[in-house]
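Heads up, the thing below is written out as structure tokens.
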Amino acid sequence: MSATWSNSIPFDSPKSSRWLLVARRALVPTLVFVALLTIWETGVRTFNVPSFILPAPSVIVRDTYGVGWALFGHAQATLTTVVGGYLCAILISFPLAVAISSSAVLSNAIYPLLVVKQSIPTVALAPILTVLLGTGSAARITIAALIALFPMVVSTATGLSSAPREMIELSRSMDASWVRRLIDVRLPSAVPYIFSGLKVSMTLALIGAVVAEFVAAERGLGFMIYTSTAFFQLPVAFGAMIVLGLVGTVLFQTVSQIERRFFPWAIGLAESET
Amino acid sequence: MEVSDVSFAYRNQDGTHMLALRDVNLTVQRNEFVSIVGQSGCGKSTLLRLLAGLMAPNRGRITIDGDATTHPRRNISLAFQKPTLLPWSNVLDNVLFPFRHQSRPVGRDEIARARELLSMMGLLDFAERRPGELSGGMQQRLALCRTLVTEPDILLMDEPFSALDALTRDELGVELLKICAVKPKTVVLITHSIAEAVLLSDRVYVMSSRPGTLCDEVEIKLPRPRLPEVMRAPLFQEFTTHVRDLVQQHSVRQS
């Protein structure tokens, strides 16, 4: 009964074979990517497509490289807006989700407002908010936060009410306080839901930041795309777009890795308990 | 513990009521082991939730030591059919959960008690593991450790062994009896296993279904301490047959 059988299970997974597996899995996507780039490059060259309509990949790389260090400045400006808006959204969404999940009255008060807010396209909201808050970073962060808020609130509220019935009864039978029940039972049960909301919101915050930069900014990747296209510098606009994609991927992966590193038990929890 | 003329109805979604318990009367003496057997869906779990103070009866009165139960009390521990463990805490922290959850300090004594229970249940080697790494039987043993760690006066158990195989079930039941022999407590066990009820209890109540009511009471006059060998005794067979007849009699009346 007390034998440590779980320690003695043979577990054959040398590091080298794992890397081989990763390399093999990455092979096909890489080949497809290279093939597409080649078709693009040769297509543009053979048909002499002007670079202000569709630049070749080589031209994009050359012109974007020509922007120099300023590119990092733009990327950093966008990153600040995204992360700032995202963190604000987290801070606001949590109390809202707790309120929604703990009282029907509060839920009825908050949900309709959220739905109305979510139904207004951010692109329409951005110019109005800029008038209200000025052209500074406050407006941009607000726009990013507003668009990221909805999925966070909804998924956190769902998660908080997802704790199994027995678990809630157990907690009640222990005569625990409401706050302890929230911290010890409902919040941990909500972690998988919270992270799915956090992942969706991360991509939305990026969209919000770029929209805000289209409307009012003097820096940022969105601003860079907007001005480059206005001056027919399409290769630079493409370059900014690619950097934007990279920033988005890194941010999304960061959230995903935080979940894997700190909440490994939460992965698969939501499915296994329903 | 005294239950007098208790009735309880659930409210359905369409506003109608479904009577789950009708005129239930039950008296449990201090440190007595009482089982309630009946078919599934007869309202046994409802009765247990009322005893735990999780719900209030629509009619009648439930008193414990003379006080009406209106809310959960800390000297009562509840055990469920599912182990209901915290997947994010390790085994030891799961046992200590009641203390933390009640904002009580966890000192050396509490940890020592938790480790003692774990070792009694053969789980001490797994103290640092997560519940997900344990088998079903081990998880249920762990849940039992958590139920006992606060040294409750009253233990309310809702088919805690029903998901286990017969061997593990008897073994755990006997383990529970040993613990009750050392630190006497009042136990109310809900079960659909007649053998389990007879093996463990001082008295067995038979419950009829829809609406649930306690219709018969059998005193199990078997000597203690009871070991699994008791189950081979003719007297044991006599009691199980008697209880089985009563259960069947009441279910026949239903159909």
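The values are calculated or read from the model by the stated rules, or taken from the named source; none is laboratory data. Bear in mind that the values here come from a model prediction, so they are computed numbers and not experimental data. When we count neighbours, we look across all protein chains shown, and the Cβ atoms used for this are built from the backbone with ideal geometry, even at glycine.
For every residue, the table says whether it meets (1) touching a residue at least 40 places away in the same chain (Cβ under 8 Å); (2) assigned to a helix (DSSP H, G or I).
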{"position": "A:L31", "(1), (2)": "no, yes"}
{"position": "A:R45", "(1), (2)": "no, yes"}
{"position": "A:V49", "(1), (2)": "no, no"}
{"position": "A:A89", "(1), (2)": "yes, yes"}
{"position": "A:A126", "(1), (2)": "yes, yes"}
{"position": "A:A145", "(1), (2)": "yes, yes"}
ask   = In segment A:163-180, what residues are over 21 Å from A:I92 (Cβ atoms) and more than 8 Å from every other protein chain (Cβ to nearest Cβ)?
value = A:A163, A:R165, A:I168, A:W178
ask   = Just checking, how many residues over segment B:37-69 are within 14 Å of chain A (Cβ to nearest Cβ), touching a residue at least 60 places away in the same chain (Cβ under 8 Å) and polar (S, T, N, Q)?
value = 2
query = Just wondering, is there one or more residues in segment B:145-159 that are assigned to a helix (DSSP H, G or I) and either free of Cβ contacts under 8 Å to residues at least 24 places away in the same chain or of a type in the set (A, V, I, L, M) (or both)?
reply = yes
key: Selected residue (only one of B:V34, B:V28 is of a type in the set (A, V, I, L, M, F, W, C), more than 10 Å from chain A (Cβ to nearest Cβ) and in contact with a Lys or Arg (Cβ under 7 Å, 6 or more places away or on another chain))   = B:V34
All positions within segment B:130-139 that are outside any loop (DSSP other than H, G, I, E, B), within 11 Å of another protein chain (Cβ to nearest Cβ) and crowded, with 16+ Cβ neighbours inside 10 Å = B:P131, B:G137, B:M138
key: Sole exception among (1) touching a Lys or Arg at 6+ places or on another chain (Cβ under 8 Å); (2) surrounded by fewer than 22 Cβ atoms within 10 Å (Cβ to Cβ) for A:S103, by number   = (1)
task = Please go through segment B:208-220 and pick out each residue that is assigned to a loop (DSSP other than H, G, I, E, B) and either more than 16 Å from B:A195 (Cα to Cα) or without any contact (Cβ under 8 Å) to a residue 12 or more places away in the chain (or both).
result = B:S209, B:R210, B:P211
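Residues checked against (1) more than 14 Å from every other protein chain (Cβ to nearest Cβ); (2) over 16 Å from the mean Cα position of the chain (by Cα); (3) in contact (Cβ under 8 Å) with a residue 60 or more places away in the chain:
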site: A:I207; (1), (2), (3): yes, no, yes
site: A:R219; (1), (2), (3): yes, yes, yes
site: A:F223; (1), (2), (3): yes, yes, yes
site: A:Y226; (1), (2), (3): yes, yes, no
site: A:M241; (1), (2), (3): yes, yes, no
site: A:G245; (1), (2), (3): yes, no, no
site: A:T249; (1), (2), (3): yes, no, no
site: A:Q253; (1), (2), (3): yes, no, no
query = Pick from B:F80, B:F161: which is over 30 Å from A:V179 (Cβ atoms) and either in contact with a Pro (Cβ under 9 Å, 6 or more places away or on another chain) or buried (at least 20 other Cβ atoms within 10 Å of the Cβ) (or both)?
reply = B:F161
inquiry  = If I go through segment A:53-66 residue by residue, how many of them are assigned to a helix (DSSP H, G or I) and loosely packed, with under 15 Cβ neighbours inside 10 Å?
reply    = 4
query = Out of curiosity, is A:R140 touching a residue at least 60 places away in the same chain (Cβ under 8 Å) and surrounded by fewer than 16 Cβ atoms within 10 Å (Cβ to Cβ)?
reply = no
message = Being away from chain A (no Cβ under 14 Å) and either hydrophobic (A, V, I, L, M, F, W, C) or out of contact with any strand residue (DSSP E or B) (no Cβ under 7 Å at 6 or more places or on another chain) (or both) is true for just one of B:L142, B:L123, B:L148, B:L117. Which residue is that?
response = B:L117
ask   = So, of the residues in segment B:5-22 that are touching a Lys or Arg at 6+ places or on another chain (Cβ under 9 Å) and loosely packed, with under 14 Cβ neighbours inside 10 Å, which turns out to be farthest from B:I179 (Cα to Cα)?
value = B:H17
query = Under 8 Å by Cβ, and 6 or more places apart or on different chains, what pairs join a residue from segment B:123-136 that is closer than 16 Å to B:W88 by Cβ with one that is of a type in the set (S, T, Y)?
reply = B:R129/A:S6; B:R130/B:S89; B:P131/B:S89; B:E133/A:S6
query = Only one residue in B:L172, B:L144 is within 30 Å of B:V106 (Cα to Cα) and not assigned by TED's automatic domain parsing to the domain that holds B:P105. Which one?
reply = B:L172
query = Can you find even one residue in segment B:145-163 that is at pLDDT below 90 and farther than 24 Å from B:G53 by Cα?
reply = yes
key: Residue count for segment A:211-254, restricted to those that are acidic (D, E) and either surrounded by fewer than 18 Cβ atoms within 10 Å (Cβ to Cβ) or at pLDDT 95 or above (or both)   = 1
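For every residue, the table says whether it meets (1) within 30 Å of B:S135 (Cα to Cα); (2) of a type in the set (F, W, Y); (3) within 9 Å of chain A (Cβ to nearest Cβ).
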| residue | (1), (2), (3) |
| --- | --- |
| B:H71 | no, no, yes |
| B:L78 | yes, no, yes |
| B:K82 | yes, no, yes |
| B:P87 | yes, no, yes |
| B:V91 | yes, no, no |
| B:V106 | yes, no, no |
| B:R113 | yes, no, no |
inquiry  = Please go through (1) modelled with pLDDT under 85; (2) surrounded by 16 or more Cβ atoms within 10 Å (Cβ to Cβ); (3) within 14 Å of chain A (Cβ to nearest Cβ) for B:L167 and return the number of the only condition it doesn't satisfy.
reply    = (2)
query = Out of A:V215, A:V191, which single residue is out of contact with any strand residue (DSSP E or B) (no Cβ under 8 Å at 6 or more places or on another chain), in contact (Cβ under 8 Å) with a residue 24 or more places away in the chain, of a type in the set (V, I, T) and away from every other protein chain (no Cβ under 14 Å)?
reply = A:V215
task = Answer yes or no: is there a residue in segment A:67-83 that is closer than 30 Å to A:S51 by Cβ, hydrophobic (A, V, I, L, M, F, W, C) and part of a loop (DSSP other than H, G, I, E, B).
result = yes
query = On the given criteria, is B:A181 farther than 30 Å from B:M18 by Cα and in contact with a Lys or Arg (Cβ under 8 Å, 6 or more places away or on another chain)?
reply = yes
